[in-house]
Amino acid sequence: MSRSSLTFFLLVASFGILFAGCGQPEPDKSFEEFTFTDEELAAIHAISGDGTASSSESEETVVLSVGSGSVSLTTGGVSDVTVPSVDNVKVAQYAQLRTSAGEQGAGIYRVNNPFLNVRASMIVTSAQVGTLKNGDLVTVLEMPNAEWAKIRMQDGKEGYVAFRYLARMTTEEKLPNEKKAFEGKFFVDFAFLNMRREPSSQSEKLIEVPGKTIVTPLSSGNGWARIQYEGKDGYVSTQYLTPFTPAFLVRQESYEVPMLQYSADDTTSLSALSKHMDTLKAAGKKVVTLRTLYDTVLAQESRDARVPPNTVVLTIVGINMANVRQVSDALDAARVNATLFIQTKDLGLTGITEKTVLTLLANGNEIQSGGHTGDDLRTMTDAQVRLELGQSKKLIEDMTKREVYAIQYPRGGINDRILIEAGDRGYLFGISQSPEKRFTRAQFLRLPTLIVGSGMSGDDVVKLANS
């Protein structure tokens, strides 16, 4: 994060604390009491140094052909309507996060060091074939010893790397079998080890076994192990043998996290939000934003992490200028935060203003993309889908100074083509309309949601989350 972005974030957070006081916001506060002034916005832009126009400045509107008609894309000063560039590093990272370890085949390892040099031979001074970074996947072709591994990179090049900087990717279910594959394997944990004809230090020396050599004892006992090495059969001291096993990166493959979806257009269910949340909390549920799942998935790349039991993700879609005040008041009254999916056609001077967006963020909510036009993405060409997904992501990120990592597909418009485009545009998650609470990594771009309908009681919502 840049210094200006960090300053912006801290300032927004400070405003949130200022508005909320020392505790939770009072449920009877009106929406107007939680908005930024023009002076506050000017101060934010001055400190962040981002040069973003305030809400009083003009925006440019570009007419694009989408689907069967034309739409106006408010660019907020961005006159170039070419598809915004994406962070290819993020795209690759998110693609790996969505890939099941069980689908990656035998010999797939992940780099677990900030960087890793690939050498032409098993000597640190040999020619450098390439450089890998943390998170890169490689195929281990051979393990000549416990120090080096011969690998193939994703570009097809082969070379040698330090084995200690690789981790075998696996699942919780497959871990026992993965470990069995290394049972009985040891390596010489010394500069060299004498192999003797008999299990005695006074016995005839047959050969020296180099350090880091991997051996599989035929038998062992009384401090000696019988091994075979270079055609010879003899005994070595077990004092200098260490079990040989790789580091394992155990990834959670399946999740059970109910995601409730409210529609801001459904005033009945939105009005009942506070009662619903009270009933959920009384049932032991913890209501969070989608960010909790996002943070957990990223944390799982380096340590064991889990979404806490009884966690429920709260999302709201269909937010526009006509209902954004009701959404804000409902969340304040319920004393919860939500992930809000906004279509960027609703942002601007005559829609959801920058002051409103910053207020929602300061109160602890997060904003993700609901596309731009609200049209079904399946009716669009590939180029139109890229523009729809790319521009909505960029416009929200430019306004909020926070990453947009999730897309809620307008009208449920999703198929394999749309999934590919969403991944290529740098989204980790996609919100579908499948009524489930269980999903796998492979479903990150089509996360299921449980739609809260009109007339549902708090008990109905609890039952929905438990279903």
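Just a few scattered comments:
- Of all residues making up region 131-165, the number that are polar (S, T, N, Q), modelled with pLDDT of 95 or more and surrounded by fewer than 16 Cβ atoms within 10 Å (Cβ to Cβ): 1
- Answer residue from region 246-263, given it is modelled with pLDDT of 95 or more and assigned to a loop (DSSP other than H, G, I, E, B) and is nearest to Val317 (Cα to Cα) among those: Pro258
- Among the residues of region 318-341, those that are touching a Leu at 6+ places or on another chain (Cβ under 9 Å) and under 20 Å from Ile431 (Cα atoms) comprise Ile319, Val327, Asn337, Ala338, Thr339, Leu340.
- Ile207 outside any loop (DSSP other than H, G, I, E, B), surrounded by fewer than 17 Cβ atoms within 10 Å (Cβ to Cβ) and either among the polar types (S, T, N, Q) or touching a strand residue (DSSP E or B) at 6+ places or on another chain (Cβ under 9 Å) (or both): yes
- The residues in region 151-187 that are outside any strand (DSSP E or B) and either under 26 Å from the mean Cα position of the chain (by Cα) or closer than 20 Å to Phe244 by Cα (or both) can be counted, and the count is 20.
- Only one of Asp295, Asp278 that is of a type in the set (Asp, Glu), out of contact with any helix residue (DSSP H, G or I) (no Cβ under 8 Å at 6 or more places or on another chain) and not assigned by TED's automatic domain parsing to the domain that holds Ile207: Asp295
- Contact map, region 268-285: residues that are part of a helix (DSSP H, G or I) paired with residues that are aromatic (Phe, Trp, Tyr), Cβ distance under 7 Å, separation 6+ or inter-chain. Pairs shown: Ser269/Tyr262; Leu270/Tyr262; Leu273/Tyr262.
- Hits in region 401-416 - residues which are at pLDDT 95 or above and in contact with a Leu (Cβ under 7 Å, 6 or more places away or on another chain): Tyr405, Ala406, Ile407, Tyr409
- In region 322-357, residue nearest to the chain's Cα centre (by Cα) [restricted to those that are over 14 Å from Leu270 (Cβ atoms) and part of a strand (DSSP E or B)]: Thr339
- Hey, Leu241 surrounded by 15 or more Cβ atoms within 10 Å (Cβ to Cβ) and more than 28 Å from the chain's Cα centre (by Cα) or not: yes
- Just one of the listed residues (Thr99, Thr82, Thr75) is more than 30 Å from Asp189 (Cβ to Cβ), at pLDDT below 85 and surrounded by fewer than 16 Cβ atoms within 10 Å (Cβ to Cβ), and it is Thr82.
- Just so you know, in region 401-431 the residues that are among the β-branched types (Val, Ile, Thr) and farther than 15 Å from Pro84 by Cβ include one that is surrounded by the fewest Cβ atoms within 10 Å (Cβ to Cβ), and it is Ile420.
- From Thr315, Thr311, residue being surrounded by fewer than 20 Cβ atoms within 10 Å (Cβ to Cβ), of a type in the set (Val, Ile, Thr), assigned by TED's automatic domain parsing to the domain that holds Ile431 and touching a residue at least 12 places away in the same chain (Cβ under 8 Å): Thr311
- Close pairs from region 425-441: first in the same structural domain as Thr289 (by TED's automatic domain parsing), partner among the aliphatic types (A, V, I, L, M) and part of a loop (DSSP other than H, G, I, E, B), Cβ under 8 Å, at least 6 apart: Arg425/Val86; Gly426/Val86; Tyr427/Val404; Phe429/Leu290; Gly430/Ile414; Ser432/Ile414; Lys437/Val257; Phe439/Val257
- Residue count for region 269-317, restricted to those that are within 17 Å of the chain's Cα centre (by Cα) and over 20 Å from Ile431 (Cα atoms): 9
- Selection from region 402-433 of residues that are more than 18 Å from the chain's Cα centre (by Cα) and among the basic types (Lys, Arg): Arg411, Arg417
- For first residues located in region 89-116 and closer than 19 Å to Ala406 by Cα, partners that are at pLDDT below 85 and lie 6+ apart or on another chain with Cβ distances below 8 Å form the pairs Gln93/Gly135; Gln96/Gly135; Leu97/Glu301.
The values are calculated or read from the model by the stated rules, or taken from the named source; none is laboratory data. All of these numbers come straight from a predicted model, not from anything done at the bench. As a convention, Cβ positions derive from the backbone with ideal geometry for all residues, glycine included, and neighbour counts pool all protein chains shown.
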